[in-house]
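Read-outs throughout are calculated quantities, based only on the coordinates presented, and are distinct from any laboratory measurement. None of the values given here were measured: they were computed from a predicted structure. A quick note on method: Cβ atoms are made from the backbone with ideal geometry, for glycine too, and the neighbour counts reach across all protein chains shown.
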Amino acid sequence: MHTDKQLSTSIDAEVPTAARMYDHYLGGKDNYAADRAACEELDKVVPSTRRLAVNNRRFLQRVVRTLAEDHGIRQFLDHGSGLPTQDNVHQVAQRVHPDSHVVYVDNDPMVLVHGRALLEQDERTAVIHADMRETDAIFAHPDTRRLIDFSQPVAVLFNSVMHCIPDSDTDGPLAVARRVAARLAPGSFMVMCQLVSEDPEVRAFVTDFMDKATQGHWGRVRQEKDVAALFEGLEILEPGLVEVSTWRPDSEVTPRQLTHEWIEFGGVGRLP
């Protein structure tokens, strides 16, 4: 794991990052040739990836709106938030509750630079540079302590990031999820989804490809049962754990995932 001080603050344009690849798939401009080339190679084997990225972003927006409107959540802690795009978490939440507080966490220095520039006018929102496995450092960070009251319900987001975390008994996805949940007040929410495939060849290819492309900054594509384990002890909101384009779609014509060589799978759990 890395602490806030140990993370690199330099941007290497030659090595793709998950955040910049995601930005490219969403039509953003904060990416480099290496990121776009990696996306092209990935698309040759899993051509649904752009649709998957768009659907995942829409899932995040629906989740935040639902938690704000239906459950009164005004505090959000977004792990592995990625580069700022349209309708970020704070924008969705603050349309419902203008006093909503949001802390974004990411280890990509480009996210830090762009995020802070975007958010410097908003005192209710902050971006901190940290590895999302460093729960102690994240919860103790001055901006987190300033903006989040953990004695009250909070929504913690791990949206499309658990696949970036390698397996480990101490800082793998399951350990991180349980460590975070143990710090939250009853009535808080955990939003978790990640890339999954039930096809062993797809899992092996994408895991190997992304590990090499990002020079080891990757975990693995997992199975639905692995994601389900993250929600043990939580009350799962309807419609349960699903492919995310089917989680409370806004309408019957909302774009859905058309192919399923790999999918974004997860949902929302409430601490009892």
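Where a ≥ b ≥ c are the square roots of the eigenvalues of the C-alpha gyration tensor, would you call region 193-272 rounded, which needs a/c under 1.5, or, failing that, prolate if a/b is larger than b/c, or oblate? Before the final figure, lay out the partial values.
On the way: a/c = 2.41, a/b = 1.42, b/c = 1.70.
Cα axes put region 193-272 in the oblate bin.
Kirkwood's formula applied to the C-alpha pairs of region 11-70 gives a hydrodynamic radius of 12.5 angstrom. Note on the chain: GNM, Cα springs under 10 Å; of 105, 113, 227, the largest mean-square fluctuation is that of 113. The share of Cα pairs per 5 Å bin across region 59-146, counted from zero up to the longest distance, runs 3, 16, 27, 25, 20, 9, 1 percent. Just tell me which aspartates and glutamates come within less than 18 Å, Cα to Cα, of residue 29; anything on the same chain fewer than 8 places away is out. The qualifying aspartates and glutamates are 12, 14, 40, 87, 108.
So which GluC sites (Glu not before Pro) in region 115-149 are both in a DSSP loop and have at most 16 other Cβ atoms within 10 Å of their Cβ? Filter output for region 115-149: 120, 123. Specify whether the C-alpha gyration tensor of region 99-144 places it in the rounded, prolate or oblate class, a ≥ b ≥ c being the square roots of the eigenvalues: rounded for a/c under 1.5, otherwise prolate if a/b is larger than b/c and oblate if not. Oblate is the answer for region 99-144, as a/c is 1.5 or above yet b/c matches or exceeds a/b. The string of couplings for region 216-221 from the Karplus curve (6.51, -1.76, 1.60, θ = phi - 60°) is x, 8, 7, x, 6, 6 Hz, one whole number per residue in order, with x for Gly and Pro. Using Cβ point charges alone (K and R +1, D and E -1), the dipole size of region 81-175 about the Cα centre works out to roughly 300 debye.
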